[in-house]
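The values are calculated or read from the model by the stated rules, or taken from the named source; none is laboratory data. Keep in mind it's a predicted model, so treat the numbers as computed, not measured. In this analysis, Cβ positions are derived from the backbone assuming ideal geometry, glycine residues included, and neighbour counts consider all displayed protein chains. Side chains are part of the model used for accessible areas, which takes the heavy atoms of the whole protein and leaves out ligands, DNA and RNA. Shrake-Rupley method; radii C 1.70, N 1.55, O 1.52, S 1.80 Å.
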Amino acid sequence: MKVDEHYSLVYRKLLHGERRPDDAPGFELSIGEAAAMLRCSERNVKLLLRKWEQAGWIRREPGKGRGHRSRIALLASPRRIRVEQAAARCAAGDPLPAAELLRSTELGEEERDLLLAALLSPAPGVPRDGTVQGGADTLRVPVYRDISSLDPAHATRRTELHLAEQLYDPLVRYNPASDNFEPALAHHWDESDDARLWRFYLRKGIRFHNGRPFNASAAAASLAYAAGLGSLAPESSGGLGTDLEALLPLGDYTLEIRLREPAPGLLSLLAAPKAYIADRSRSGPAAAPSGTGPFRVVRRDGQLLALEAFDAAVRGRPLLDRLEIWTLPDVYHERAQRDGAATRLAEFPLLAYPHTAAGGDGERRFIRRADLGGKLLALNPHRPALRLQADRLRLLAAFPRERMIEQLGGHRHAAALCTAGAFEPLLAAAPSAAAAIARTGLRGVRLTLHTYEGAGNEKDAAWLAAAAEACGFRLEPVIVPYEAYLESVHGGEADLWLWEQPLPDEPEGMLLQLYGDARHPLGKLARALPERFEALRAAMQARQDRLSRRRILLDFDVALQQAGLLQPLYRWEQSAQFPPELHDVELNAYGWVHYAKVWIKKQP
């Protein structure tokens, strides 16, 4: 038993046993009694008492003579000792115990601040004083929830989609600055006149993080794995958003993709996260298959995801050496009720939504950008009360998004007129079918709304429930973990679904993949309009330029709204706060920072 464990035993017995004190300052205890309590020799008791005194855990007034009792005052609780020990281990380079303790609901405010200070101060990178410690440039970032799958084929939420960009590469990449697709793992490609046969010529000398070589066989295996997860049509095997016929390696560095139907937008599908290339040499889904991206996973547990720079990255080695992403949900939720700029949480070098002060604070810099996805509300047409279009439109009229944004505020930036923010400039006018229907005929109706924890869903669901009550019907929010929410969607168990839908700069590929996934709310809605869905497929397969395909997708989005199946609510304003020592900090379409570009300006 360790020194602190012996102390905890004595502490518990003195405070909760028969020797509970009255008003006396401390306890009277003989060496013999302590030895019996600890089941050790009197010699060991004396050694323990000396160590406790040296550590400042007790104050002792020795009794005179053999067998006399000493007066002992307990100065530190076992919990406080654990906190101090975790802080000391953090200073020695092992921050995990501090992060684990921060998840405890038993800590006091002072103890939480002590752990956060310890977690921040020893970070080699940008500690609070702005200097750089150690030889490695390390950045620590807090997040409010656990990170789920790091497999790009399973990534659906904002954090996971962003991390997929750090860990993996696609065959081709969309560049929003040039509005074109550019080489990534493929350096060149050709397509047939009918857009059914494509050949991709792959870079040589590329290796996955695990050392295995990247080649045409690896690319084919990765795309085949992703293609089995969903489809544009129920009978299709094209989970990538198109109907694949074959993925054929032609030697080591040429990949031929054959399609059953034309796919002029294949580049957009291949640039979407689901098509990011991962090493699939091991059978079955893996928690984090190996990629070729700028960072590689070196540690992952409940509190810490540690990434290190990959020297042989296709995009070039990152300027950061290490990135640590800490999951601190309890701290986030607690700080949400306080002045975030004055708390230890705000002292993390890089702080992103939802805990950024508007305009930054003091010397810290502040950047922002509008979200390209948004918060969406979907109605389940298979539920008895929502089978008629008129009833669905009446219900949606109860939820005016402008009023929602005004009353909830925060980072809710602007009303979302369609699912993809990139498509809004193409709208001639906002879809208004729901607003044209009087709010009648719903009194007494009782409906369920399923959503998941985080992303502002709790506040949004409460507002929707209050708005429903004001219109005479009842909406019961059911808030569950994200995995349970997905099961709810798959089983069609709710009347309404509320979720956040992140989208990349080029949303065409991801939207097609979501419409093709019968387990996703957008996939459910697409199948509720089978004729329009089939027309969408046919139009996207025609020889169309990208602008025309965007208009086709936008028309389908408007059709879902006019059918009373979908209500885009709002878009987030994403933001980040950071000290001047961090340079080239930019927000991507998911509202996260391009970590591969960030660098730390060291002080001489």
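Taking a 1.4 Å probe, which of H583, H187 shows the most accessible area, and what order do the others take after it?
Details: H583 45, H187 95 Å².
Final ranking, largest accessible area leading: H187, H583.
Quick one: Karplus J couplings for the range 462-469, per residue in order, coefficients 6.51, -1.76, 1.60, θ = phi - 60°, nearest Hz, x for Gly and Pro?
Those phi angles translate into 5, 5, 4, 5, 5, 5, 5, 4 Hz.
Largest first, what is the accessible-area ranking of I58, I552 with a 1.4 Å probe?
The ranking, largest first, comes out as I552, I58.
What Kirkwood hydrodynamic radius do you get for the range 466-604 when you take the inverse of the mean 1/r over all pairs of distinct Cα atoms, in Å?
That comes to 18.4 Å for the range 466-604.
Check which residues have an amide H placed less than 5 Å from Y570's amide H, if you skip close sequence neighbours.
Long-range HN contacts for Y570: K375, A416.
Near the amide H of V478, under 5 Å away, which other amide H atoms are found, from residues 5 or more places off or on another chain, if H is placed in the peptide plane?
L449, H450, T451
In sequence order, what are the phi-derived ³J(HN,Hα) couplings for the range 576-587 according to the Karplus relation 6.51 cos²θ - 1.76 cosθ + 1.60 with θ = phi - 60°, rounded to whole Hz, with x for glycine and proline?
These are the phi-based 3J(HN,Hα) values: 8, 10, 7, x, x, 6, 8, 10, 6, 8, 10, 9 Hz.
Note down the accessible area of E182, probe 1.4 Å, to the nearest 10 Å².
My reading of the accessible area for E182 is about 70 Å².
How would F181, F578 rank on accessible area, largest to smallest, probe 1.4 Å?
Correct descending sequence by accessible area is F181, F578.
Which cross-chain or sequence-distant (5 or more) residues have an amide H under 5 Å from the amide H of L202, H modelled 1.01 Å from N in plane?
H187, T254, L255
Mind ordering 263-269, 394-400, 3-9 by average Cβ neighbours within 10 Å, highest first?
Details: 263-269: 24.0, 394-400: 20.7, 3-9: 17.1.
By packing density, highest mean first, the sequence is 263-269, 394-400, 3-9.
Relative to the Cα centre, what is the charge dipole magnitude of the range 529-604, using +1 at the beta carbon of each Lys and Arg, -1 at the beta carbon of each Asp and Glu, and rounding to the nearest 20 debye?
Working: 11 positive and 9 negative charges, 50 e Å.
Dipole of the range 529-604, to the nearest 20 debye: 240 debye.
With θ set to phi - 60° and the Karplus curve 6.51 cos²θ - 1.76 cosθ + 1.60, what are the ³J(HN,Hα) couplings of the range 596-603 in order, to the nearest whole Hz, using x for Gly and Pro?
5, 9, 5, 9, 10, 7, 7, 7
Need one value: the accessible area of K459 in square angstrom, 1.4 angstrom probe, rounded to the nearest 10.
Roughly 130 Å² of K459 is accessible to a 1.4 Å probe.
Given a Förster distance of 35 Å, report the FRET efficiency between S281 and A542 from their Cβ-Cβ distance, rounded to the nearest 0.05.
0.40
What nm value, rounded to one decimal, do you get for the distance between E458 and R474 when each label is placed 7 Å out toward the C-beta?
2.4 nm
Give the value in nm², to one decimal: projected area of the alpha carbon convex hull of the range 367-523, averaged over all directions.
On the way: hull surface 38.6 nm².
If you wrap the Cα atoms of the range 367-523 in a convex hull and average its projections, you get 9.7 nm².
Taking the full set of protein chains and a 1.4 angstrom probe, give the accessible area of E84 in square angstrom, rounded to the nearest 10.
Rounded to the nearest 10, that gives 80 Å².
Holding the Cα-Cα limit at 23 Å, pick out from K459/K524; K2/K46; K274/K375; K204/K601; K459/K597 the pairs that are longer than that. Please report the intermediate quantities before stating the final value.
Working: K459/K524 25 Å; K2/K46 15 Å; K274/K375 21 Å; K204/K601 34 Å; K459/K597 34 Å.
Exceeds cut-off: K459/K524; K204/K601; K459/K597.
Based on the mean of other Cβ atoms within 10 Å per residue, sort peptides 465-478, 502-515, 302-315 so the most packed one is first.
Highest to lowest by the protection proxy: 502-515, 302-315, 465-478.
By average Cβ neighbour count within 10 Å, what is the ranking of 163-171, 193-201 from highest down?
Per-residue mean Cβ counts within 10 Å order the peptides as 163-171, 193-201.
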